[in-house]
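Student: The following block contains the structure, expressed as structure tokens.
Nothing in this text is a laboratory measurement; each read-out follows from the coordinates by a stated rule. Since this is a predicted model, take the numbers as computed values, not measurements. Here the Cβ positions follow ideal geometry from the backbone for every residue, glycine too, while neighbour counts run over all protein chains shown.
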Amino acid sequence: MPDVTLTTLQGLKQKGDKIAMLTCYDATFAKIACEAGVEMLLIGDSLGMVLQGHDSTLPVSVDEMAYHTACVKRGNRGAMIVADLPFMANATLEQTLNNSAALMKAGAHMIKVEGAAWLAESIRLLAERGIPVCAHMGLTPQAVNIFGGYKVQGRQEAQAQQMIADAKALEDAGAAMLLLECVPSELAARITQAVTVPVIGIGAGSATDGQVLVLHDMLGLSLTGRAPKFVKNFMREHGDIPTAIAAYVQAVKSVEFPAAEHGFSA
Ligand code: KIV
Ligand code: NA
């Protein structure tokens, strides 16, 4: 068990203290992020883009996710490790269980899955078998081909109400955490109010219980030369990586990041 547990995170939410999460793909960064105060390390399938150079997250395999999870585990110093279930690794319930088990055996403490209310059955099954689940909602990059691009989700009130209902349904199904990506800040605030589990945001404003960024983005490293609007480059003012990550943690805790300019309106 890591030092940071679900109980720790629940306590932070109750006190109104913000949770700092960062993506991480290897042992050295895991250690540096822990020393900087990061509470949750996410082995995101964003590694398909930032490490592997693909133009989406779809090509990433469970074996690749397990490899990076094992690398992060070796450098971890007490953070909770969350690993993404990659595209189609949850095509069937049996695959969901087997692939989640592979990531847990590699060192994850929690699995993250992209979707909406339809995830309820698999989340219940995983929780029953001892696997905490984070449900990733809003802009779910594995569905980029349905969305027609990386677009803000939930801008219309009908969609917003659906997302709130889905969030509650997934909490009822046993989700231990929610993650909201690229949703209007006001909707993220409503969802955070509507559930009792911690809610992490990225491009979702400052009202969520915590924040996550892709490591490379917050270090100002980019393959495409374009950074999304919700990203802040913490290297610019802080000349070395450990200091930049510590500044990110500090900015999340003090609610200086994200600023209004990093969020979206309805
Ligand atoms: O893969 C990833 O890095 C993610 C975060 C952007 C939340 O899912
Ligand atoms: Na991801």
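Student: Restricting the count to DSSP beta bridges whose residues both fall in the chain, what percent are antiparallel, rounded to a multiple of 5? The partial results should precede the final answer.
Tutor: Working: 0 of 29 bridges.
In the chain, approximately 0 percent of DSSP beta bridges are antiparallel ones.
Student: Using a 10 Å cut-off around each Cβ, can you sort ILE81, ILE43, ILE164, ILE111 from fewest to most neighbouring Cβ atoms?
Tutor: Numbers: ILE81 23, ILE43 30, ILE164 17, ILE111 26.
So the ranking, lowest neighbour count to highest, is ILE164, ILE81, ILE111, ILE43.
Student: Test of the criteria: in the stretch 153-256, which GluC sites (Glu not before Pro) are in a DSSP loop and have at most 11 other Cβ atoms within 10 angstrom of their Cβ? Walk me through the numbers before you get to the answer.
Tutor: Details: sites: GLU157, GLU171, GLU181, GLU186, GLU237, GLU256; in loops: GLU237, GLU256.
Loop-located and lightly packed - GLU237.
Student: Taking the simple approach of a point 7 Å from Cα along Cα-to-Cβ for both GLN250 and SER265, what is their distance in nm?
Tutor: The modelled label-to-label distance comes out at 3.2 nm.
Student: Shifting gears a bit: In nm, what is the difference between 0.36 nm times the number of residues separating LEU6 and LEU97 and their Cα-Cα distance? It would help to have the intermediate numbers written out before the result.
Tutor: Values: separation 91, 0.36 × 91 = 32.76 nm, distance 2.06 nm.
My answer for the length gained is 30.7 nm.
Student: Something else now. Which listed residue (LEU51, ALA158, GLY37) has the Cα farthest towards the positive end of the charge dipole for the chain, taking +1 on Lys and Arg C-beta and -1 on Asp and Glu C-beta about the Cα centre?
Tutor: GLY37
Student: Also, quick follow-up: Taking θ as phi - 60°, what are the ³J(HN,Hα) couplings along the stretch 158-167 by the Karplus curve (6.51, -1.76, 1.60), each to the nearest whole Hz, with x for Gly and Pro?
Tutor: For the stretch 158-167, the Karplus-derived couplings read 5, 5, 4, 5, 4, 5, 5, 4, 5, 4 Hz, x marking Gly and Pro.
Student: What number, in percent, do you get for the relative contact order of the chain if the mean sequence gap of Cα pairs under 8 Å and at least 6 apart is divided by its residue count?
Tutor: On the way: 558 pairs, mean separation 49.5, N = 266.
Worked out over the chain, it gives 19 percent.
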